[in-house]
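What follows is a single structure, written as structure tokens, with notes after it.
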Amino acid sequence: MLSWIDGRPAELLSVRDRGLAYGDGLFETIAVSGGRPALLERHLARLAEGCVRLQLPLEATSLRNELLAFSQQLGEGVAKLILTRGDGLRGYAPPQPAMTRRLLLGGPKPAYPSQHAEQGVHLFPCATRLAEQPLLAGLKHLNRLEQVLARGEWQDDEHAEGLMLDAAGRVIEGVFSNLFLFKDGTLLTADLSRCGVAGVMRAELLAQAATLGMACEVRDLDLAELLGADEVFMCNSLYGVWPVRRLRDRDWPVGPLTRKLQAIARDLLDC
């Protein structure tokens, strides 16, 4: 594994780091192909938004250059960028001024079975619910305990992903993916203003679908609407698009609109 801390090769982190103590920071997981980071502008835009909301200092140009240099050295794989508020003393109060720490970890792309993309996946209905916190909604912050608990709910090979609802029972996302559904010719995805992660592939597919003239809506979704959909798929910035074939006893076909967006996602990740 390739690892840099604050722009230099390193593997040791201070025990006082607030990312470890409080989850005080953000991260991005970026596919790298041919030495180039995929969807870089969307990753950086989400990171910048997160830094504003968490009041983390960000040198955007320097970080971009660092990511490009790291990706070139990695060549092929996945770059995980972590920003923390750096070292701090005991207590929640943020240090003033904060010294943002940058961690870059590089490794191989996950070896997902090809049939996930080709034939589709089964979703596990997670009991773990997402709590509402509008101040953090959409961000990829370091506190992922809800996802850790949800992913621990199944250990079988039948389910490739899990479906997560919020505390009110609204359909939100997968454990590590965003969810889309087609219903009566309209592309639908959940409103993430209360909770959830606003994925960069989600944003890109919404933009691409609008360019293609598809009707798109971002709004609250319930389980009945999901079960009544014509097509369902999951997406993220590493695997692209996985068609959803089953949730409990509900089966869906792998439809033409899913295949169209899957091809677009594949091209985007090919850099």
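FYI, it's all coordinate maths here, none of it is from the lab. The structure displayed is predicted, hence computed values, not measured ones. Using ideal geometry, Cβ is built from the backbone for each residue, glycine included, and neighbour counts are taken over all protein chains shown.
Computed values, structure above
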| quantity | calculated |
| --- | --- |
| Packing-based ranking, highest mean first, of 188-200, 170-182 given that Cβ atoms within 10 Å are counted | 170-182, 188-200 |
| Whole-number percent relative contact order across the chain, with pairs defined as alpha carbons under 8 Å at least 6 apart | 20 percent |
| Value of relative contact order over segment 2-107, rounded to a whole percent, pairs C-alpha under 8 Å and six or more apart | 40 percent |
| Mean shadow area of segment 2-107, taken as a quarter of the surface of its Cα convex hull (nm²) | 6.2 nm² |
| Using distinct alpha-carbon pairs, which all enter the 1/r mean, Kirkwood radius of segment 114-269 in Å | 15.5 Å |
| Student exercise, the chain dipole from Lys, Arg, Asp, Glu Cβ charges, in Debye to nearest 20 | 680 debye |
| Dipole of the chain [Lys/Arg +1, Asp/Glu -1 at C-beta], most positive-end residue of A207, L247, V78 | V78 |
| Per-residue ³J(HN,Hα) for segment 120-137, Karplus 6.51 cos²θ - 1.76 cosθ + 1.60, θ = phi - 60°, Hz, x for Gly and Pro | x, 10, 9, 9, 8, x, 6, 7, 5, 9, 8, 7, 7, 8, x, 5, 10, 4 |
| Order by protection proxy (mean Cβ within 10 Å, highest first), peptides 75-84, 114-123 | 75-84, 114-123 |
| Eligible lysines near K260 by straight Cα distance, threshold 17 Å, same-chain separation 8 or greater | K183 |
| Debye intensity ratio I(q)/I(0), log10, the chain, q values 0.16 Å⁻¹ (C-alpha model) | -1.30 |
| Residue of A209, A224, A98 that the Gaussian network model of the chain assigns the largest fluctuation, springs spanning Cα pairs under 10 Å | A224 |
| The chain: angle of helix 256-269 to the longest principal axis, Cα-based, in degrees nearest 10 | 20 degrees |
| Residue-averaged [θ]222 nm for the chain, counting only DSSP H segments that reach four residues, each worth -39500 (n - 2.57) | -8500 deg cm²/dmol |
| Degrees, to the nearest 10: 60-74 long Cα axis against longest axis of the chain | 80 degrees |
| Trypsin sites (Lys or Arg not before Pro) restricted to DSSP loop in segment 9-78 with at most 13 other C-beta within 10 Å | R16 |
| Around T61: net Lys/Arg minus Asp/Glu count, Cβ-Cβ under 15 Å | -1 |
